[in-house]
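Worksheet: the structure to be examined is printed underneath.
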Amino acid sequence: QHETMLSSLKFDDCLGNEAVAFQSSDPIFSVRTDGSIFAQGEGASLQKPVQFKLTASGPHTHIWETVVQLSLIEGNPRWHGENMPTPHRKPPGWGTEPMTFLLWGSGLNSSKGLRRQKRDWVIPPINVAENSRGPFPQMLVSIRSDQDQDISIRYSITGVGADQPPNEVFNIDPVLGKMFVTKPLDREHRSSYHLRAHAVDMNGNQVENPIDLYIFVIDMNDNRPEFKNQVYNGSVDEGSKPGTYVMHLSAFDADDNTTANGMVRYRILSQTPHSPIPNMFTINSETGDIVTVAPGLDREKVSQYTIIVQATDMEGNLNFGLSNTATAIITVTDINDNPPMLTSKTFTAEVPENRVDVVLTNLTVIDADQPHSPNWNAIYRIISGDPSGHFTIRTDPITNDGMVTVVKPVDFEMNHAFMLTVVVSNQAHLASGIQSSLQSTAGITISVQDVNEPPYFPTNPKHIRFEEGVPAGTSLTTFSASDPDQLQMQQTIRYSKLTDPADWLSINRTNGQIVTTAMLDRESVNVKNNIYEATFLATDNGFPAASGTGTLQIYLIDINDNPPVLIPRESQICERTNRNANGVNITAADADTDPNAGPFVFELPSFPTNIRRNWTISRISGDYARLGLRYQIYLEPGVYEVPVVVSDSGNPPLSNKSVIKVKVCPCDENGDCTTLGAVAATGLGTGAIISILICIIILLSMVLLFVVWIKRREKERQTKQLLIDPEDDVRDNILKYDEEGGGEEDQDYDLSQLQQPDSLEHIISKPPAVRRVDERPIIPESQYPIRPVVPHPGDIGDFIHEGLRAADNDPTAPPYDSLLVFDYEGSGSTAGSVSSLNSSSTGDQDYDYLNDWGPRFKKLADMYGGGDDD
C-alpha cells in the first residue's frame, strides 16, 4: 500500500539511539528509525486532526512514550517548528525544544474544489526537567493563530500554575503567544500541569477554541532513600539453620520509582561482633529481608548482633546513586539447649517427727540458659523413696533452688530414715537433639529425729448411751489414752477434766474412769440434740511434758420425768354465740420427747362440780382439744379460772392440773368482745361501774371548787388595805435614775481598803477589854426571817414584827447609836473613828427646807420641822 511522508520528529536517548524502535498505536501511521512519520492510503489527506500514541523502546529495556498530534496546514501540510537553544543538558527522552504551532485549515472536495475547514489546535505534551537552573523565565512553546495576520489577537493561559495556586509558575506573552516557565519545578511536589490556552480579539471575542496544554515534569535523581526508622530490632533463635528469616528493612525514595532514580537496592556494610564469622547474615538487595547464611548462633556466647545496612538508589549504582544507612539490632533468643545440672550427687537432711511445712535442705542447680525463663526454671520431682507422700520439693523463684519440704508428719516409731531419689528438669522441653545430663539426678538421705509425742485417745470422740436421771456416783466408762513413745520411753499418763459445762462428771487421774457427780438431765440447756459433751486431758511426764485431748459424748435416753403444761394460760370466749364456734383451742407442751410426750389427754376435774356443769372439753386431735361453755349455759361477763387436767403418753403417764383464765364477754356480730364487754369481763358489774363514774365526777367537782376558792382569796388580798398610808410607803418613794458615777474626779479611790484580809487573827486575838463596840463579835449569827420575793400587802406587818423580835434577841446586833459594820474594808485605815459621835434630839439645825421638796418628803418635814409643835 502507498505510504506518504507527513513530517518528522527528533528523539535522543543519550546513547546514540542505538537499536531504538518506534511503535505507533494507530496502524495507519508509522515512524521510521530516523524519525520520519508516514501515513498509508487516505490517511495522508489529514482531512481532520489526528492523534496517536508513539512508544520508543531501546536495547536496555528502557521505554519512552509520547502523543503525536497531526493537523493540516493550508498549502503546505507539515509542521512548522522554530528551535530554541536549551541552556542545560537535555535529559533522555523526546525533544523539548520550544516549537511554534500554527493552525491552518484546508480540505479537498471532488465537486467544489478546496474549501476552508473549522480550525483547531493540536499540541503534544511538553516535558520540562525538574530543578532547572534557568535562566528564568524559560520559554517552553510558542502558540500562534493563522488569523493574526488579519486581526490583533491576545493569548492567555488558565489552570493550576497559571491563574490558580500555585500562581504564575507559567505565563504567556499575550501578543507573541510565547509561554514561559518562571521558576524551577519539583516533580515530588507536582509531577504534571494541565493548562488551557485561549485566543481572543481586542474586543474579547473568542477567535479559536481553547487548547489543552499538558506539561510533564521530568524526574531527576534529587532524593536519597530514607529509612522509616534509624534503628530496627529483630530476633532469631540460637542454633537456627542457614536461610532462616530474621527481619525486614525498607527505605523509601521520593523519586520516580519507575525509573532508576527511585529504584533502591540494599547491602550490609558491617556486622558486630564478628563471632563466629564476620558474615553471619545477608540481605536481599531488592526486598530488604535479612536472613542467616551460616550456622553457629549461640546465645550463651553472643546474645546480640549489630548490623549496618545501606540503601542506594539508581539500582544500587554507587557511582551515580544516592545512599543512606540504618542500624539493625538482631537479638539471639534462647532455646532450651542446656539441661539443668545439680551441683552434688547426694544431699542430707534431718526432720523432727510430727512436724510439717519445714524446709529440710536446698538443692542447688546450674543452668546456662536465660535466667527466669521457662528454659531456666527448674522443676524437681521425687521419683522414689517416698511412697506415702511425706515430702515435696518447691522451687525458689529467685535462686532456682529446690526446697525439700515435709508436708505430711513422719513418725520415728514407723520410719527412722528416708532415702529419696530426685530428678530435675526445666519448664520447657529440651531442644531437638539435646540429651539430659547425668547430673540431673541426685539422692537425698533424710534422718527422722525422735521427740516426745503427746498421748492420744484411740477413740476420739468416744460415744456412750445412758438414760437420764442416773444418780451421782454412777460409773459411765473408762476413757483411757495411749502413749506413742512407749517403746522408746517409759512414761506415766495422768488424766484431768478440761471442759464439763454442767459439772456432772469426774475422771480418775490414773486409769481414766469417768463417774457422775450429779444426776444427768436430758432437758438441761447444756444438752444439745440429746448429747452431752465433755473434754478430758491426758498428760505424760516427759520432758517437756506433752498432752492430748479427748472428747466424750454421752447420748442421754429420755425418761418420762416432765409432766405436760397447758397452753395457753389465758383466753376469752363470747357469752352467747354459735354452738359450734363457741370455744377455745388448747394444747400442751412437754419437755420430754416421744413416746413420753403427746398425744395428750385433756379432762375437767370432778371437783368442784360446777366446772363440769358449765364447761366441756372435746378432743380435736392427739395434741389439741377445745374448751367451751356447755350449750344453753349463760355466765355473767367476767374472768373464770377453769382447771384442766393434762396427761402425757409416758409409761407410766404423768399428769398436771393447770388453770386457764377464760374471759367471758359480750361480743358483736363478728364474734369480737365489745369495749363495754371487755371492761365488764374484768370482774366489775354494772353497779360497780356506775359507782366508779360517780366518784370521778365528785372528785372533779371538788377540784373545781378548790380552784374557785383560791382565785377568790387572791382577789380579796389584793383589795385589802395596807397597814400604812400609801403616801408613807417607801416603795413609792424610791426613784431610779441609772446614774453610775460622777466622772473621772470621783474615781480616785484607794482600792486596797476594800480588799478582804487574809485572816481574822488580828480580830480574834484582841482582848475583850479593848474590842471596839463597832466590831462584829465572832459568834454564830441569829436567823432573821426571809422576806418573800413577792409578798402580799397584808403580810408586811407580820414580817416587820418578826424582824423586830429577832433583832431584840440577837446578841450580835450592834448598839443603837453605833456604826454598823457591813463588811471589812482593810486594816490600817487613815480615817478616824466616828464612834464618839452622839445623837441628840435637840439642835439648832433648820429642817424647814424639807417642806420645799414636795409631798413625798412631807412626812419627814413633819417629823423634824414640826418638833416645836409637839
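The values are calculated or read from the model by the stated rules, or taken from the named source; none is laboratory data. Please read these numbers as outputs of a predicted model, since none were measured by experiment. Counting neighbours? That spans all protein chains shown, and the Cβs are built from the backbone with ideal geometry, glycine included. Areas reflect the complete protein model, heavy atoms only, side chains present, ligands, DNA and RNA absent. Shrake-Rupley method; radii C 1.70, N 1.55, O 1.52, S 1.80 Å.
Does T549 satisfy being of a type in the set (S, T, Y), open to solvent by less than 60 Å² (accessible area, probe 1.4 Å) and either at pLDDT below 90 or in a strand (DSSP E or B) (or both)? Against the criterion (of a type in the set (S, T, Y), open to solvent by less than 60 Å² (accessible area, probe 1.4 Å) and either at pLDDT below 90 or in a strand (DSSP E or B) (or both)), T549 does not qualify.
Scanning the stretch 391-428 for residues that are of a type in the set (S, T, N, Q) and over 20 Å from P374 (Cβ atoms), we see that the one that is most open to solvent (accessible area, probe 1.4 Å) is N415. Inside the stretch 460-508, residues that are open to solvent by 60 Å² or more (accessible area, probe 1.4 Å) and in a strand (DSSP E or B) make up a count of 8. Of the residues making up the stretch 621-650, those that are over 11 Å from V601 (Cα atoms) and hydrophobic (A, V, I, L, M, F, W, C) are L627, L629, I633, L635, V639, V642. Taking the criterion of being in a loop (DSSP other than H, G, I, E, B) and either under 30 Å from I63 (Cα atoms) or more than 54 Å from the chain's Cα centre (by Cα) (or both), the residues of the stretch 250-274 that qualify are S250, D253, A254, D255, D256, N257, T258, T259, M263, V264, H274. Exactly one residue out of D337, D289 is modelled with pLDDT under 90 and under 51 Å from the mean Cα position of the chain (by Cα), and it is D337. Restricting the first member to the stretch 195-208 and to residues that are within 15 Å of D173 (Cβ to Cβ) and in contact (Cβ under 8 Å) with a residue 60 or more places away in the chain, and the second to residues that are open to solvent by less than 30 Å² (accessible area, probe 1.4 Å) and part of a loop (DSSP other than H, G, I, E, B), the beta-carbon pairs closer than 9 Å and six or more apart or on different chains are A197/W121; A197/I123; A197/G177.
Please verify whether E82 is modelled with pLDDT under 75, open to solvent by less than 70 Å² (accessible area, probe 1.4 Å) and not aromatic (F, W, Y), treating the condition exactly as stated. Spelling it out, it is not the case that E82 is modelled with pLDDT under 75, open to solvent by less than 70 Å² (accessible area, probe 1.4 Å) and not aromatic (F, W, Y). What about I464, is it among the hydrophobic types (A, V, I, L, M, F, W, C) and more than 30 Å from P374 (Cβ to Cβ)? In short, yes. The set of residues in the stretch 356-373 being open to solvent by 70 Å² or more (accessible area, probe 1.4 Å) and among the hydrophobic types (A, V, I, L, M, F, W, C) consists of V359, I366.
Would you call E570 within 30 Å of C667 (Cα to Cα) and surrounded by 15 or more Cβ atoms within 10 Å (Cβ to Cβ)? No. Within the stretch 140-149, does at least one residue satisfy the condition of being open to solvent by 30 Å² or more (accessible area, probe 1.4 Å) and closer than 30 Å to A254 by Cβ? So far as the stretch 140-149 goes, no, none of its residues is open to solvent by 30 Å² or more (accessible area, probe 1.4 Å) and closer than 30 Å to A254 by Cβ. Filtered by the rule that a residue be closer than 24 Å to D298 by Cβ and part of a strand (DSSP E or B), the stretch 323-336 gives T327, A328, I329, I330, T331, V332, T333. If I filter the stretch 228-243 for residues that are within 30 Å of A260 (Cβ to Cβ), in the same structural domain as T282 (by the TED database) and surrounded by 15 or more Cβ atoms within 10 Å (Cβ to Cβ), do I get at least one hit? Scanning the stretch 228-243, I find at least one residue that is within 30 Å of A260 (Cβ to Cβ), in the same structural domain as T282 (by the TED database) and surrounded by 15 or more Cβ atoms within 10 Å (Cβ to Cβ), so the answer is yes. Under 54 Å from the mean Cα position of the chain (by Cα) and either farther than 14 Å from H248 by Cα or not aromatic (F, W, Y) (or both), is that true of T327? For T327, the condition - under 54 Å from the mean Cα position of the chain (by Cα) and either farther than 14 Å from H248 by Cα or not aromatic (F, W, Y) (or both) - is met. When the stretch 683-703 is filtered for residues that are under 27 Å from V662 (Cα atoms), open to solvent by 60 Å² or more (accessible area, probe 1.4 Å) and either part of a helix (DSSP H, G or I) or at pLDDT 80 or above (or both), the ones remaining, listed by number, are T686, I690, S691, I692, L693. Looking across the stretch 436-453, the residues that are out of contact with any Phe, Trp or Tyr (no Cβ under 9 Å at 6 or more places or on another chain) and modelled with pLDDT under 85 come down to S436, S437, L438, Q439. Applying the criterion of at least 2 residues that are in contact with a Phe, Trp or Tyr (Cβ under 7 Å, 6 or more places away or on another chain) to the strands (runs of 3 or more DSSP E) found wholly in the stretch 337-435 leaves 358-363, 391-395, 402-406, 417-426. More than 30 Å from I283 (Cβ to Cβ) and over 60 Å from the mean Cα position of the chain (by Cα): does that describe S191? Judged against the criteria, S191 is not a match.
Among the residues here, D623 qualifies as surrounded by 13 or more Cβ atoms within 10 Å (Cβ to Cβ), of a type in the set (D, E, K, R) and under 26 Å from R522 (Cα atoms). In the set (1) open to solvent by less than 80 Å² (accessible area, probe 1.4 Å); (2) without any contact (Cβ under 8 Å) to a residue 40 or more places away in the chain; (3) over 30 Å from E300 (Cβ atoms), the condition left unmet by F252 is number (1).
Out of T258, T312, T282, one residue alone is under 30 Å from S132 (Cα atoms) and free of Cβ contacts under 8 Å to residues at least 24 places away in the same chain. It is T258.
Conditions (1) modelled with pLDDT of 90 or more; (2) open to solvent by 20 Å² or more (accessible area, probe 1.4 Å), marked per residue:
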site: N317; (1), (2): yes, yes
site: A326; (1), (2): yes, no
site: T333; (1), (2): yes, yes
site: T346; (1), (2): yes, yes
site: N354; (1), (2): no, yes
site: N375; (1), (2): yes, yes
site: A378; (1), (2): yes, no
site: S384; (1), (2): yes, yes
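If you go through the stretch 157-172 and keep only what is on the phi < 0 side of the Ramachandran plot and open to solvent by 50 Å² or more (accessible area, probe 1.4 Å), you end up with D163, Q164, P165, P166, N167, N171.
Conditions tested, residue by residue: (1) modelled with pLDDT of 85 or more; (2) surrounded by 12 or more Cβ atoms within 10 Å (Cβ to Cβ); (3) over 30 Å from N530 (Cα atoms).
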residue: L629; (1), (2), (3): no, yes, yes
residue: Q632; (1), (2), (3): no, no, yes
residue: L635; (1), (2), (3): no, yes, yes
residue: V639; (1), (2), (3): yes, yes, yes
residue: V646; (1), (2), (3): yes, yes, no
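Residues considered: T616, T535, T577. Of these, the only one that is touching a Gly at 6+ places or on another chain (Cβ under 8 Å), modelled with pLDDT under 80 and not charged (D, E, K, R) is T577.
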